[in-house]
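Computed from the coordinates by the stated procedures, all read-outs in this text should not be read as laboratory data. If you're wondering where the values come from, they're calculated on a predicted model, not measured in any experiment. Every residue, glycine as well, gets a Cβ built from its backbone with ideal geometry; the counts of neighbours run over all protein chains shown.
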Amino acid sequence: MPPPRSRRPPGSERPAARGGAPRAALAAALAALLAAAAAPAHAQVYSWRDSQTGQLRISTVPPPWLRAGGATAAGPKVNVIKDGKVVPPERIGPGGTVLELEPPPPGGVDGARAAAAQAAASVPELIGRRGALHAQLVADALRLGPTSANQAFFEKLDAYLAVLEQLDAADPAGAAARRGERDLEIQRVKANIERVLRDPAQRADFQGEATRWLSRKSDLTAQRIVRCLRDGFC
């Protein structure tokens, strides 16, 4: 015969399981992570507790209050998960979008200062290279006509434009003034091109090489310069 069950005194309740709230939070996080794993690649998953029912809501669409005001909007706290990771609140922007962070410069702040100092030190060298390449362009423009000379001219033009881009990156403050200098330098090159390419056949060959060069370039400044040299409209 089994022993009689012990009865609790009236008013005595079984103590609640410890850690109920942490377990609920953990369950919510696991559910959100599972939903994120099932979502398409790069999808964002939003999870929050319904303020009326207390039920966990999970969606790939941000709730209305998050869409209206971002992470600081009034309403239940929303966890945003992207690529399997919980996104910090400071990276949640308007509309519930995740703000992408720029990678820190190598070496942190000190590394950024060193890079800036190195860039500033390279400016005189780049200015010298620009001058040398411009002189070569002016000279090469007088030798245009044969296909090989045309190709060599555009190779030099490539190098000249690359140095200008490096200069603007190293010394942004001087970019506006250099644009005026560049336009004058291109006009000198253009004058020599017009002096040499008087023969229609030679001009057609040069224009064909310029068109092929343009087809490989997406930079608008480079395209404008080459159209100026090719067509004569600057």
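At-a-glance table
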read-out	value
Tabulated pairs, segment 206-234, first closer than 22 Å to Arg195 by Cβ, second among the basic types (Lys, Arg) and outside any helix (DSSP H, G or I), C-beta under 8 angstrom, 6+ apart or interchain	Val226/Lys217
Subset of segment 129-148 (residues that are in a helix (DSSP H, G or I), touching a helix residue (DSSP H, G or I) at 6+ places or on another chain (Cβ under 7 Å) and either without any contact (Cβ under 8 Å) to a residue 40 or more places away in the chain or on the phi > 0 side of the Ramachandran plot (or both))	Arg129, Arg130, Leu133, Gln136, Asp140
